[in-house]
Amino acid sequence: MAFATRHFVRAASSAAATAAAKKLIVKHVTVIGGGLMGAGIAQVAAASGHTVVLVDQSDEILKKSTKGIEESLKRVTKKKFADKPEAGAEFIEKTLKNLTTSTDAVAVVHSTDLVIEAIVENQEIKNELFKRLDKFAPEHTIFASNTSSLQITQLANSTTRQDRFGGLHFFNPVPMMKLVEASVIKTPMTSQKTFESLVDFSKAVGKSPVSCKDTPGFIVNRLLVPYMMEAVRLFERG
């Protein structure tokens, strides 16, 4: 009986080790969208040691994004390294070294582990983007959307990698807000491996991930909207 128990424990440990070995460790990240959210996501990913490519339609937008990231990093270091200016300067230098920009999403996804979409909140435009990138990204690459309201399942259905698709809903301002609804926005097709990889990535960039199913508004917005509506009703009642 004791032998059987030991054998079972060893087998379980071996299975757990094998599963962990198969879990994707995200090293290279592509962020699509150089707006406030996309730039913030790129910043925290680069600051945590990931190799990041920030993508948008024009060099002009990307220059503005990069400048915004630089200013944000200065604010972060002012608080984080208040008594260590040299360490702060080194932190900024390392972060910016991890970050590059591009206007060609197709060209940069061929070597990425994770694609995070943070573009305009439009179902059709997002679907078209994911459908196009799906043809060029490696098989192991995970796709994630930063959408705050659209169904992840419908976005995933525009690709052939529904099991490697989830939601990563960050909050503004990204460098300051600790919460992220991670993978979170888990569809019925999202694999456990993908889910764990996205949770691990969220933790690696210094966030506290929470998980939910693919429901309208997810967690935070679903709670926030009724809260705001009640405030409006109170105002109307004087």
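Here are the numbers:
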read-out: Selection count, region 97-125, where residues are within 17 Å of K27 (Cα to Cα), out of contact with any helix residue (DSSP H, G or I) (no Cβ under 7 Å at 6 or more places or on another chain) and not β-branched (V, I, T); value: 4
read-out: Of residues in region 115-128 being closer than 16 Å to Q162 by Cβ and surrounded by 20 or more Cβ atoms within 10 Å (Cβ to Cβ), the one farthest from the chain's Cα centre (by Cα); value: K126
read-out: Residue within region 198-220 that is more than 18 Å from E117 (Cα to Cα), at pLDDT below 60 and in a helix (DSSP H, G or I) present; value: yes
read-out: Residue in region 111-129 that is in a helix (DSSP H, G or I) and modelled with pLDDT under 95 present; value: yes
read-out: From the options G88, G49, G68, residue that is surrounded by fewer than 20 Cβ atoms within 10 Å (Cβ to Cβ) and on the phi > 0 side of the Ramachandran plot; value: G49
read-out: Residue list for region 133-164, filter: at pLDDT 95 or above, in a loop (DSSP other than H, G, I, E, B), farther than 19 Å from S197 by Cα and not hydroxyl-bearing (S, T, Y); value: K135, F136, N157
read-out: Neighbours by Cβ (under 6 Å, 6+ apart or cross-chain): first from region 127-145, over 26 Å from F171 (Cβ atoms); second in a loop (DSSP other than H, G, I, E, B) and modelled with pLDDT of 95 or more; value: K131/S158; D134/T159; D134/T160
read-out: Region 29-81, residues that are of a type in the set (A, V, I, L, M) and over 20 Å from K178 (Cβ atoms); value: I32, V53, L54, V55, I61, L62
read-out: Any hit, region 56-69, residues being touching a residue at least 24 places away in the same chain (Cβ under 8 Å), within 11 Å of the chain's Cα centre (by Cα) and over 21 Å from S111 (Cβ atoms); value: no
read-out: Only listed residue being over 13 Å from the mean Cα position of the chain (by Cα), under 14 Å from I116 (Cα atoms) and surrounded by 16 or more Cβ atoms within 10 Å (Cβ to Cβ), chosen from I152, I142; value: I152
read-out: Sole residue being under 20 Å from the mean Cα position of the chain (by Cα), among the polar types (S, T, N, Q) and part of a helix (DSSP H, G or I), chosen from T101, T95; value: T95
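Table: residues versus (1) out of contact with any Lys or Arg (no Cβ under 8 Å at 6 or more places or on another chain); (2) more than 21 Å from V44 (Cβ to Cβ).
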site	(1), (2)
A87	yes, no
K97	yes, no
A107	yes, yes
H110	yes, yes
D134	no, yes
H140	no, yes
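The values are calculated or read from the model by the stated rules, or taken from the named source; none is laboratory data. Only a predicted model underlies this, so the values are computations on that prediction, with no experimental measurement involved. Cβ atoms come from the backbone with ideal geometry, glycine included; neighbour counts cover every protein chain shown.
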